[in-house]
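See structure below.
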Amino acid sequence: MWIDPDKLRKFILETDLISPTEFDLLAEEARAKGGSLEDAILGSGKISEDDFRRVKAYLLGIPFVNLKGAKIERDILFTIPEPIARKHNIVAFKKQGENLEVAMLDPEDLEAIEFIKKGVGLKILPRLTDNESIKSILLQYQKSLKAEFGDIIEKESRLIATTSEPTEPGESDLKKLAEDIPVIKIVDTLLLHAILQQASDIHIEPYDKELVIRYRIDGVLHDAMILPKNAAAGLTARIKILSNLRLDEKRLPQDGRFKINSGGQGISFRVSILPTFYGEKIVMRLLPDAIAGFTLEQLGFHGVGLERIHEGIRGKTGIILVTGPTGSGKSTTLYTILDILNKPDVNISTIEDPIEYQVPRINQTQVKPEIGLTFAAGLRSLMRQDPDIIMVGEIRDQETANLAINAALTGHLVLSTLHTNSAATAIPRLLDMGVEPFLLVSTIRVVVSQRLVRQLCSVKEKYEITDAELKELKSRVDTEKVLAALVAENIVKEGDDWSKIPFFHPSITPESADGYAHRIGIHEIMPLSSALKEMVMKGETAAKLELEAKKEGMMTMLEDGIYKAARGITSIEEIFRVVSE
């Protein structure tokens, strides 16, 4: 909405917000730069954004509302979906008849007003407000536990807080507390909501005066609920009962597991309890019982890299390594490969910690170090079970590494994981464990390194990469290699350049608060070629190994990420968030 500069000058000068000389200099600066007077005034720092909004409200005749501390009725607040409210900084706060009053920071955002008008079928009355008011109202959105389940958790946690004794409860007290209806309701609700939100982990974190519940969704932690500190004892006891853990042990870490059924599917919860300064912190990993139906293509493998994996698993002997940090999808990749290899004419055995997915016709063994069943001990026993294919959940030490190599040398295909940041660093890591170089080059067939990135929703914002952005991109990745992969896989035409390839930003919709949903892998696949084997025998560094692998056509994770961004699967900013150089 246009504001008369003369009226603006008169009002600002009358209120002594800016001196006449300063105002005239700012007006001249705006004319010289071809910008707006508003931008010049705000850029000078003489007037805050909120104060200028009050000025605009007065001059435009739009009411200004202060909503800090105001409590908005739920039905009215949720007239505008939370993602739209956050994206456009607009909230509904009052409804009278067919009129809906909305507070916003930008009354010129006609797109938002029109969107809301179509959605609710009411006459929209825009009102200006300040940043603090918008933040205050956005906090009232509970598109989390409260939104999904009403006030059940708040009500039940208050009941726990009023009935819990201030003294430290004994084991019998904890058993009784764990069987209380309010505690059962809260835990069941937390678990159900995590499943509905497709969370991978639930964090229950005790602090001085509160208990914070967080969910990891698509790799990012989100606050789900804050409960009174008194609720901690009951929740912890309930989860320990479900996981068959000791109620009276609060000084040592404990690990357990339990399973529930939701929507006809079994979901296992892997529980880790760790003593902290304020109490016991609980992290629960959600693991669907079945993984059948995944393919390597669905996990994000493609092109030459996919062919290299298939070539590696066609062998009857050797080692396939999948590397990456915790939570990067290594186990899912291994189970998908096992699903491909799982034929009636082969015997597949695994030794895992823990067993994350249950797979038909595969013999799976759980590590139990407390009774001496380690990876090394389990692997020795597996060798006497006449296996064709062996999966070792993780190579953690020299003994396990040597046994895995020995299995590969004696006619078995071995699959395993390793915690390294790239494919090339897997070799030095194994050498550090004490494995002989000649054994590595004799057994390792292919090394896969991976991360998980969030995928863009179907509604996304298209844009063309600028020359400056392309220059920055070229300084970090081999864009020619990425473009060649796009051409080879018929994503773009021969002769097309980066100016003709669309990229996308996330777009917030009522269905997605951040524009992303689900995750996909980005990978680098390094087969051990003759040249690389020779370099390993010479003791070359990981950097030189990676350089040689890139010369032989290996796409780095960053390059694979840019490839997927060019296909519209994810965004460039998401790739750089996940992959650190």
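The values are calculated or read from the model by the stated rules, or taken from the named source; none is laboratory data. All values derive from a computational prediction rather than experimental measurement. Neighbour counts run over all protein chains shown; Cβ positions are idealised from the backbone, glycine included. Areas reflect the complete protein model, heavy atoms only, side chains present, ligands, DNA and RNA absent. Shrake-Rupley method; radii C 1.70, N 1.55, O 1.52, S 1.80 Å.
Taking a cut-off of 19 Å between Cα atoms, list the aspartates and glutamates near K462, but don't count ones fewer than 8 places away on the same chain.
E111, D496, D497, E511, D514, E573, E574
For E280, E297, what's the largest-to-smallest order of accessible area, 1.4 Å probe?
Most to least solvent-accessible, the answer reads E297, E280.
Report D for segment 173-296 in µm² per second (integer): Stokes-Einstein, Kirkwood Rh on Cα pairs, 25 °C, 0.890 mPa s.
Result for D is 165 µm²/s.
Could you grab the Rg to Rh ratio for segment 505-581? Cα atoms only, Kirkwood for Rh.
Radius of gyration over Kirkwood radius for segment 505-581 works out to 1.16.
I need the fraction of alpha carbon pairs in segment 57-106 separated by more than 15 Å, rounded to a whole percent. All intermediate terms of the calculation are to be shown ahead of the outcome.
Working: 601 of 1225 pairs.
Roughly 49 percent, rounded to a whole number.
Taking 51 Å as R0, compute the FRET efficiency from the Cβ-Cβ separation of L25 and K544 and round it to 0.05.
Efficiency, from the Cβ-Cβ distance: 0.30.
Apply the Karplus parameterisation 6.51 cos²θ - 1.76 cosθ + 1.60, with θ equal to phi minus 60°, to every residue of segment 19-26 and state each ³J(HN,Hα) to the nearest whole Hz, in sequence, with x for glycine and proline.
With the stated coefficients, segment 19-26 comes to 6, x, 5, 5, 4, 5, 5, 5 Hz.
Hey, what D do you get for segment 323-391 in µm²/s if you plug the Kirkwood alpha-carbon radius into Stokes-Einstein at 10 °C and 1.306 mPa s? Walk me through the numbers on the way to the answer.
Values: Rh = 12.8 Å.
In µm²/s, the coefficient rounds to 124.
Let me have the relative contact order for the chain, percent, based on Cα pairs under 8 Å that are six or more residues apart.
Relative contact order of the chain: 10 percent.
Over the chain, what lengths in whole Å, largest first, do the semi-axes of the equivalent ellipsoid take, defined as the square roots of 5 times the eigenvalues of the alpha-carbon gyration tensor?
51, 36, 20
Filter K135/K185; K87/K118; K33/K474; K10/K56; K474/K500 down to the pairs with a C-alpha to C-alpha distance above 21 Å, please. Can you show the working numbers first?
Working: K135/K185 31 Å; K87/K118 17 Å; K33/K474 32 Å; K10/K56 13 Å; K474/K500 16 Å.
Too far apart for the 21 Å limit: K135/K185; K33/K474.
Scaled to the compact-protein estimate 2.2 N^0.38 Å, what is the alpha-carbon radius of gyration of segment 254-381, rounded to two decimal places?
The reported ratio for this selection is 1.21.
Between 0 and 90 degrees, rounded to the nearest ten: what's the tilt of helix 231-243 against the longest Cα principal axis of the chain?
30
Over the Cα atoms of segment 434-581, what is the Rg over Rh ratio if Rh follows Kirkwood? Please report the intermediate quantities before stating the final value.
Values: Rg = 17.8 Å, Rh = 17.0 Å.
Looking at segment 434-581, the ratio lands at 1.05.
Residues with amide H under 5 Å of V322's amide H, sequence separation 5 or more or different chain, H placed in the peptide plane at 1.01 Å from N; which?
When sequence neighbours closer than 5 places are left aside, the close amide H contacts are S416, T417, L418, V448.
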